[in-house]
Amino acid sequence: MLFLEEDAMQDFKDIDTSNPNAVVIGLAPSMFHYDKLTEAFNCLQSGAQLIGLNKSRYFQRETGLSLGPGAFVSALEYSTDKSAKIIGKPSKTFFEKSIESLEDVALEDCVMIGDDVRDDVGGAQCIGMRGILVQTGKYRDGDEMKVSPPPYMVLPSLVDAIDHLVSLKATSA
């Protein structure tokens, strides 16, 4: 059973969903309603596995913040006494796999730049990467105080973060 918006469904087009053995939850605002969640609940009660593409608490829309898939993953975990397998941020495996193919790059030399202090920065820092929190998108005042250790750096934008990293490279050359 796939909780995905149409553009993400392309990755699953060859999967038979007629007799689901898993409930896969991604960012799918159009599907997060009572009847669909109850259908997922019943599927999980029948033995299906719960899989979250991520466990984001919220995301930024033009109109402001909206609940992310994490709220619905957590609701189904609570209701079914099952633990979801999270395959995206903030899981350690996600970050480890993201740098696995980089040859001759030390973990401590990797930097995650993101606007989500828990999923982007906290997730990366849990495996030894540095995290730069940018004050754009879903960033809110005080976010940098929500993780321990705090972000390596807090900067106004992605451009500022890249400029910082480029300047570090220039001074070490």
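So the values come out like this:
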{"quantity": "Residues that are over 15 Å from the mean Cα position of the chain (by Cα), closer than 21 Å to LEU168 by Cβ and not β-branched (Val, Ile, Thr), drawn from region 121-156", "calculated": "GLY128, MET129, ARG130, GLN135, GLU144, PRO149, PRO150, PRO151, TYR152, MET153, LEU155, PRO156"}
{"quantity": "Unique residue being assigned to a strand (DSSP E or B) and either within 26 Å of VAL147 (Cβ to Cβ) or of a type in the set (Phe, Trp, Tyr) (or both) when the list is ILE127, ILE51, ILE99", "calculated": "ILE51"}
{"quantity": "Where a residue in region 153-173 is over 25 Å from GLY122 (Cβ atoms) and its partner, wherever it lies, is of a type in the set (Ser, Thr, Tyr), with Cβ under 7 Å and at least six apart", "calculated": "none"}
{"quantity": "Residue ID - surrounded by the most Cβ atoms within 10 Å (Cβ to Cβ), chosen from residues in region 107-130 that are among the hydrophobic types (A, V, I, L, M, F, W, C) and touching a residue at least 24 places away in the same chain (Cβ under 8 Å)", "calculated": "VAL121"}
{"quantity": "Extreme residue, modelled with the lowest pLDDT, among residues of region 158-173 that are loosely packed, with under 15 Cβ neighbours inside 10 Å and either in a loop (DSSP other than H, G, I, E, B) or of a type in the set (Asp, Glu) (or both)", "calculated": "ALA173"}
{"quantity": "Tally of residues being among the acidic types (Asp, Glu) and in contact (Cβ under 8 Å) with a residue 24 or more places away in the chain across region 29-53", "calculated": "1"}
{"quantity": "Options SER91, SER101; residue that is of a type in the set (Ser, Thr, Tyr), within 29 Å of VAL154 (Cα to Cα) and over 16 Å from the mean Cα position of the chain (by Cα)", "calculated": "SER101"}
{"quantity": "Subset of region 54-69 [without any contact (Cβ under 8 Å) to a residue 40 or more places away in the chain and in a strand (DSSP E or B)]", "calculated": "ARG61, GLY64, SER66, LEU67"}
{"quantity": "Pairs with Cβ under 6 Å, 6+ apart, first in region 1-28 and at pLDDT 90 or above, second among the acidic types (Asp, Glu)", "calculated": "ALA28/GLU5"}
{"quantity": "Checklist (1) surrounded by 15 or more Cβ atoms within 10 Å (Cβ to Cβ); (2) closer than 20 Å to PRO29 by Cβ; (3) polar (S, T, N, Q); (4) more than 18 Å from the chain's Cα centre (by Cα) applied to THR80, failing item", "calculated": "(2)"}
{"quantity": "Matching residues, region 75-86, being of a type outside the set (Asp, Glu) and in a helix (DSSP H, G or I)", "calculated": "ALA75, LEU76, TYR78, SER79, THR80"}
{"quantity": "Matching entry among LEU133, LEU102 (being surrounded by 15 or more Cβ atoms within 10 Å (Cβ to Cβ), among the aliphatic types (A, V, I, L, M) and without any contact (Cβ under 8 Å) to a residue 24 or more places away in the chain)", "calculated": "LEU133"}
{"quantity": "One residue from PHE94, PHE72, PHE41 being surrounded by 19 or more Cβ atoms within 10 Å (Cβ to Cβ) and either part of a helix (DSSP H, G or I) or out of contact with any Gly (no Cβ under 9 Å at 6 or more places or on another chain) (or both)", "calculated": "PHE72"}
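The values are calculated or read from the model by the stated rules, or taken from the named source; none is laboratory data. Because the structure is a prediction, the values reported are computed rather than measured. Heads up, the Cβs are rebuilt from the backbone with ideal geometry, glycines too, and the neighbour counts pull from every protein chain shown.
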